[in-house]
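Shown next, in C-alpha cells, is the structure this report addresses.
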C-alpha cells in the first residue's frame, strides 16, 4: 500500500513515516501541499495531511486537488484543532484529531481505502491492524 504524508512538522512527518513503514506501508512524505501535488511518479492509495501546512495551500484544499489528481484516493485529514465548521468530508475521507494513537490512524487509513485494495498481511504480528468500521461502534476517537 502506498501512503503520502503531507505534514510541515519535520519530526512528526518522520515519526509517521517510520511507523507506517513498520506497519507495511510504502510512504512518501512532503512538507507542503505544493510539493505533494508536484509528485508524478507516486500514486498513493491514502493521503494523510495536516490541515495547517504553513504558507500556500492548506490540507483541505490539498485534499480537493489530490482527489482529482489521484482518484480513487482515500484521505485522512489531521489537526490539533477541530475541523473547521462546515468543512465537508467525502465518502472516503476521515478527520483525525491530534494527538492520536497509531492504531487509530491505521484504522482510519483502512476505512478510507478503496474496496478491493489489499492491506498488509494481518497475521504478521509485527503489523498493526484494527478492524474498526464505524466510529460510533469502536470508540477509537474518529471525528467526522
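Is it true that residue 56 is part of a loop (DSSP other than H, G, I, E, B), buried (at least 16 other Cβ atoms within 10 Å of the Cβ) and either at positive phi or modelled with pLDDT of 95 or more (or both)? The answer is no for residue 56.
Residue 92 passes every criterion in (1) crowded, with 21+ Cβ neighbours inside 10 Å; (2) without any contact (Cβ under 8 Å) to a residue 60 or more places away in the chain apart from (1). Take the conditions (1) more than 19 Å from residue 20 (Cβ to Cβ); (2) touching a strand residue (DSSP E or B) at 6+ places or on another chain (Cβ under 9 Å); (3) modelled with pLDDT under 90; residue 38 misses just one of them, which is (3).
Among the residues of segment 65-84, what is the count of those that are assigned to a helix (DSSP H, G or I) and either touching a helix residue (DSSP H, G or I) at 6+ places or on another chain (Cβ under 9 Å) or over 15 Å from residue 4 (Cβ atoms) (or both)? Qualifying residue count, segment 65-84: 3.
When 10, 50, 41 are checked against the criterion of being out of contact with any helix residue (DSSP H, G or I) (no Cβ under 9 Å at 6 or more places or on another chain) and touching a residue at least 12 places away in the same chain (Cβ under 8 Å), a single residue qualifies: 10. Residues being within 19 Å of residue 102 (Cα to Cα) and crowded, with 21+ Cβ neighbours inside 10 Å: count how many of those fall in segment 59-80. Adding up the residues that qualify gives 5.
Residues in segment 1-29 that are outside any helix (DSSP H, G or I) and farther than 19 Å from residue 106 by Cα: 8, 9. Taking segment 50-88, which residues are out of contact with any strand residue (DSSP E or B) (no Cβ under 6 Å at 6 or more places or on another chain) and over 21 Å from residue 8 (Cβ atoms)? Of everything in segment 50-88, those that are out of contact with any strand residue (DSSP E or B) (no Cβ under 6 Å at 6 or more places or on another chain) and over 21 Å from residue 8 (Cβ atoms) turn out to be 68, 71, 72, 85, 86, 88.
Note on segment 85-119: residues that are more than 23 Å from residue 71 (Cβ to Cβ) and either assigned to a loop (DSSP other than H, G, I, E, B) or modelled with pLDDT under 50 (or both) amount to 6.
The values are calculated or read from the model by the stated rules, or taken from the named source; none is laboratory data. Given the structure is predicted, the values throughout are model-derived calculations rather than measurements. Methodologically, a virtual Cβ is constructed for each residue, glycine included, from the backbone with ideal geometry; neighbour enumeration extends over all protein chains shown.
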